[in-house]
Amino acid sequence: MNGAESNGIPNGEMTTSTPGLQRESTRYRKLWRYSVLLTSIVALMPLIVMMGVNNLQYRRTTQSEMRYDLSRMVSDTKRSLEFVIRERVSALQLVISDNNTSDLRDDEALARVLKHLKASFGGFVDLGLIDDDGLQRHYVGPYNLKGTNYSEEVWFHEVMLRGVNVSNVFLGHRHFPHFVISVKRELESGQFVILRGTIDMEMLTYQIAIRNRQGADDAFVVDHDGILQTQSQSHGDLLDPCSLPVPPFSPEIEVIDQPHNGGHLLVGYSYIEQSPFILMAVRTYDDHFTDWLRAHSDLIGFFVGSVILIIIVVFWSSSFLVRQIRASDERRAKMLHNIEYTNKMATIGRLAASVAHEINNPLAIINEKAGLLKDLAEHAEDHPYRDKSIASVDSIIQSVERCSAVTHRLLGFTRRMEPGHEMIDLRILLQEVVGFLGKEAAHRNIEIQYHFPDDLPTVECDRGWLQQIFLNLVNNAFGAVERGGQIALSVERQNHAYVAVRVRDSGSGISEENLQHIFEPFFSTKGQFGTGLGLSITYGLVQKLGGEIKVESREGEGSTFVVLIPIKAVATME
Amino acid sequence: MDEDRTRVLLVDDEKDFVELLAERLAGRGLTVDTCSTGNEALERSGGGNYDAVVLDLEMPGMDGIETLKKLLAEQPELQVIFLSGRGTLKTGIEAVKEGALEFLEKPADISTLLTHIEEAKTRRIVLVEKRMQDEIADVLRRKGW
Amino acid sequence: MSEGPTPHADHDALAFMGAVTASVSHDLSNVLSTIDQVSGLIEDMLIAVERGVAIDPARLEMVQGRLAHQTKRGVTIVRKLNTLGHTTDDPVRQEDLALVFSTLLVLMERMASRRRIQVIFDPEQTGHMVEANPVTLYHLLYHALLLVMDSYSDGGDVTLDLVEEENSTSISIAGHDLASVEGGGDRLAVIHVLADQIGGKAMIDADDPGCLEVVLPRVGGTQE
């Protein structure tokens, strides 16, 4: 509304409320939603994609770092373990091939060898010498195993076949984990002798522990059947089956993704040469997202800030856009409406005038002929229907008179004098007009407010018409308000060419439907009193003065009539 | 002045009418005064010496009904007869309700008017005597005789 | 009492006709009552003559004078009433404002006298012609006069003047203070509508708040 008023062009009758307002506003809401959605997507998508890519890259980098750490750890540990095992195998091979078999067939000598082995290499628990019949002939160690027959054991056959054997871990008689290394020596006699050393598993466990300062959450050894050879932290106890499957053989160090318990684990492994052992190192994936958040807090901050800013801008610009569209729609609709209304009023005027002119002539003839008929009837005294004829003619004449009155009234609209040109102070004029209603105002306790600025130009206008216009409007306002109501009169300069007078009442307002017709002739809502001409005359007068009149009203909220009066008299156009 | 003569005040703004009527009444032995407005009537009747007041309904300034009210407020026993050219049932009833003795329409027959004036005089005498008796009784009661 | 305007019916010509005839019939009834008194007095005289009392010529002359005056008055009223009655004859015709006012002033005499109003008007100001619907014209000027008469609370002079202007005739009706009239706004609105119907306008004089100005298009003046 404000936009329309400030554009300076008086735009005639206008209605604040238009039909289908509800439907209209949902249409604009929809438009607003689309605009918000579309601009948000366009503006936010690249940002979100960039963040996603960044996240992905970070994840890849961290994962490859993890893999590298894990594989290095596995590699180190594998070498250590292989070294420990090979060293002990070599030691035993040296012992058995360097000495005479007979020397070893002496418990004291064997004890001395064990003592030396313990001192040089560590980890040896006992030593035994076994003949090719599987019988342990000699034994030094903490247990009494002399005479044990191993001929049925798998490792015995293995060592007989290959010369060297490293056994799985077992608890043995004393319930601590150990494994056995056996080496064979072929004697000249074609017989065998086997040196068997038990190694404390702690030797391997220690190696794993020191290598795994970092890189893995859990590192342990399994045999080829998946039985845990060392204690694991979270994948099973010693000599229990490992909760992870046995990884496929590979001569290299491998790092694989292992699904586990619904998640993924990074598993590095390596087969340990010359042994039934597989070294496995397990690393759970880090919560990389939290890490990422922590590592890129500045970037995230920037992202969140940008998103908020973009959303604010999107909302604001969409609202602005939709408001602009709506205002321009309304302006256009109003303009169309005004043009239509002005045309309508002009058409009504022209139509009324031409109809009145056209009807007047035949009316005169009818009147004359009816008079003649009446005279004839009156003179024909013996005519059988004389009285009836006279009565009929009388009613014809009466009807003609009524028609004449109507046509004359219609002609009155078009036959007006030229406006006078006086310099008029609207404030004084309005006060004069209200003076007429002062008594009624006092009776009905109606409050009249004036909002008159000090610097107001006088207008060059017709005093009588202005009086009539405002008397009508103020009178109307009086009709609209209840006892104790309010009427406000204000005058202000609209722009360089017009002064705006507003007559506002606190009455019940005008319904949308009535608002459409309020300036049309013979339209009245007041029933008894309304001549139905007041506002249409007012409209005609304002037009004639080169001004504009409009009404803003909402039912239940009162009405405001706005009259724009040209400051300088304009040549009337008709 | 003859004490028995009936005294009448004619109030009407139609000068010709009131003067002619006064003359005719005078010819019938009445003492007649005339005036043309309600205010004059109030002034003239101040002495309380009229047996009847004949009032027009419509006069410049104060109208008939208003004059009637003021007259009766000053002198409750005063007998007022309306004589008007503009008689409607409504105004007639209103006049009687306000205490008028009669409501006559112009042109009224002079004998009818005379009858009503005589009636007014009688009623007034009765009322005045009654008031005097009341006053005497009141004085007697108060003095304790 | 009921000739005062009832705003709701004011714009209706029938109400105007009713108000005027009611008032005028009162006047006529007064005229007839006076004549009736004359007749009564003559009757009284005749009775006196029968008793042998001589007729006083001066008295007879007085009686005759009154009779002549009342008859003349009655005739004037009836003529003007007739003029008013014939306003319905034509939808539009030319009227001389002097004649219109002399008619209206007779018909409204009672209304004026009740308000103790003296209307000052020179009936010689003839020649101000207006073309209009006669009923509306009379109706308009009746309301205009009555409004100005009501501007006095206790009687006074109402001055009527006709001024010829370039294309119009201006009728100024000067009284006391128009703003003090009870219901003046509604009544002025009615005057506006009536003036509008015959292509004229009505306004309160800028310099004199007691003066109502009715401007009507002049016959022969340039019309649109």
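Can you list the HN-Hα couplings for region A:40-52, worked out from phi with the Karplus curve (6.51, -1.76, 1.60; θ = phi - 60°), rounded to whole Hz and with x for Gly and Pro? Those phi angles translate into 4, 4, 4, 7, 8, 4, x, 5, 5, 4, 4, 5, x Hz.
Taken about its Cα centre, chain A carries a charge dipole of about 1560 debye when Lys and Arg each add +1 at the Cβ and Asp and Glu each add -1 at the Cβ. Model label points for B:V128 and C:N82, set 7 angstrom from Cα along the Cα-to-Cβ axis, are 5.2 nm apart. For region C:14-84, the relative contact order comes to 48 percent (Cα pairs under 8 Å, sequence separation of at least 6).
Over chain A, what relative contact order in percent results from Cα pairs under 8 Å that are six or more residues apart?
13
Approximating the spin labels as points 7 Å out from Cα along Cα→Cβ, the A:R162-to-A:I428 distance works out to 12.9 nm. For region A:115-128, the Karplus equation 6.51 cos²θ - 1.76 cosθ + 1.60, evaluated at θ = phi - 60°, returns couplings of 4, 5, 4, 4, 5, 7, 10, x, x, 6, 9, 8, 9, x Hz by residue, with Gly and Pro reported as x. Distant-in-sequence amide contacts of A:S151, defined by a placed amide H-H separation under 5 Å and a gap of 5 or more residues or a different chain, comprise nothing.
Would you kindly calculate the translational diffusion coefficient of the protein assembly as shown, applying Stokes-Einstein with the Kirkwood radius from alpha carbon pairs, for 20 °C and a viscosity of 1.002 mPa s, and quote it in µm² s⁻¹ without decimals?
For these conditions, the coefficient is 53 µm²/s.
Counting Lys and Arg as +1 and Asp and Glu as -1 over every other residue whose Cβ lies under 15 Å from the Cβ of A:V89, the net charge comes to +1.
Among the DSSP beta bridges whose two residues both lie in region B:7-143, what percent are antiparallel, rounded to the nearest 5? For region B:7-143, the DSSP antiparallel bridge percentage is about 0. Here the convex hull built on the C-alpha positions of chain C has a volume of 139 cubic angstrom per residue. Each eigenvalue of the Cα gyration tensor of region A:422-566, multiplied by 5 and square-rooted, gives one semi-axis; in descending order these are 23, 18, 14 Å. Counting 0.36 nm for each residue step from A:L37 to A:D225 and taking away their Cα separation leaves a gain of 61.7 nm. The residue list A:S234, A:N476, A:N367 was ranked by how far each Cα lies along the charge dipole of chain A toward its positive end, using unit charges on Cβ atoms, and A:N367 comes out on top. Measuring spread by the Cα atoms of region A:61-289 yields a radius of gyration and Dmax of 19.5, 70 Å.
Per residue, the Cα convex hull of region C:14-84 amounts to 62 Å³. For chain C, the 222 nm mean residue ellipticity estimated from helices alone, with every DSSP H stretch of n ≥ 4 adding -39500 (n - 2.57) and the total spread over all residues, rounds to -17500 deg cm²/dmol.
Seen from a random direction on average, the alpha-carbon convex hull of region C:69-139 projects onto 5.2 square nanometres. Size descriptors for region B:81-139 (Cα atoms only): Rg and Dmax, in that order, 15.0, 47 Å. Within the straight-line cut-off of under 25 Å between alpha carbons, the lysines reachable from B:K90 are B:K69, B:K70, B:K106, sequence neighbours fewer than 8 places apart in one chain being disregarded.
Between C:V49, C:V106, C:V181, the Gaussian network model of chain C with springs among Cα atoms under 10 angstrom shows the greatest mean-square fluctuation at C:V49. Hey, in the GNM for chain C with a 10 angstrom Cα cutoff, which one of C:M149, C:M111, C:M17 fluctuates hardest? Greatest mean-square fluctuation among the candidates belongs to C:M17. Near A:G123, no amide H atom lies under 5 Å from its own; only residues 5 or more places off or on other chains count, and H is placed 1.01 Å from N. For chain C, the Cβ-based charge dipole about the Cα centre amounts to some 880 debye (Lys, Arg positive; Asp, Glu negative; other atoms uncharged). Based on the alpha-carbon gyration tensor of region A:372-498 and its eigenvalue square roots a ≥ b ≥ c, which shape applies: rounded if a/c is under 1.5, prolate if not and a/b is larger than b/c, or oblate? Judged from the Cα gyration tensor, region A:372-498 comes out prolate (a/c at least 1.5, a/b above b/c). Summing Lys and Arg as +1 and Asp and Glu as -1 over all other residues whose Cβ lies under 15 Å from the Cβ of C:D154 gives a net charge of -3. Compute the separation of the alpha-carbon centres of region A:236-277 and region C:198-221 and state it in Å as a whole number. Centre-to-centre (Cα) distance: 116 Å. Local charge for C:I171 was computed over the other residues whose Cβ lies under 9 Å away, with Lys and Arg +1 and Asp and Glu -1, and equals -2. In summary, the aspartates and glutamates within cross-link reach of A:K334, defined as a Cα separation below 17 angstrom excluding same-chain residues under 8 places away, comprise A:E5, A:E13, A:E24, A:E512, A:E513, A:E548, A:E552.
Within straight-line reach of B:K130, meaning a Cα separation under 18 Å, sit the following lysines at least 8 residues removed in sequence or on another chain: B:K121. The amide H of A:D106, built 1.01 Å from its N in the peptide plane, has no neighbour under 5 Å, considering only residues 5 or more places off or on other chains.
With all pairs of different C-alpha atoms in the average, the Kirkwood value for the hydrodynamic radius of chain B is 15.8 Å. 3J(HN,Hα) along region A:275-284: 8, x, 9, 10, 8, 10, 10, 10, 9, 7 Hz, from the Karplus curve 6.51 cos²θ - 1.76 cosθ + 1.60 with θ = phi - 60°, whole Hz, x for Gly and Pro.
Throughout, read-outs are computed from the coordinates displayed, never taken from laboratory work. Every value quoted in this text rests on a predicted model; they were computed, and no experiment measured them. Cβ: placed from backbone, ideal geometry, glycine included. Neighbour counts: every protein chain shown.
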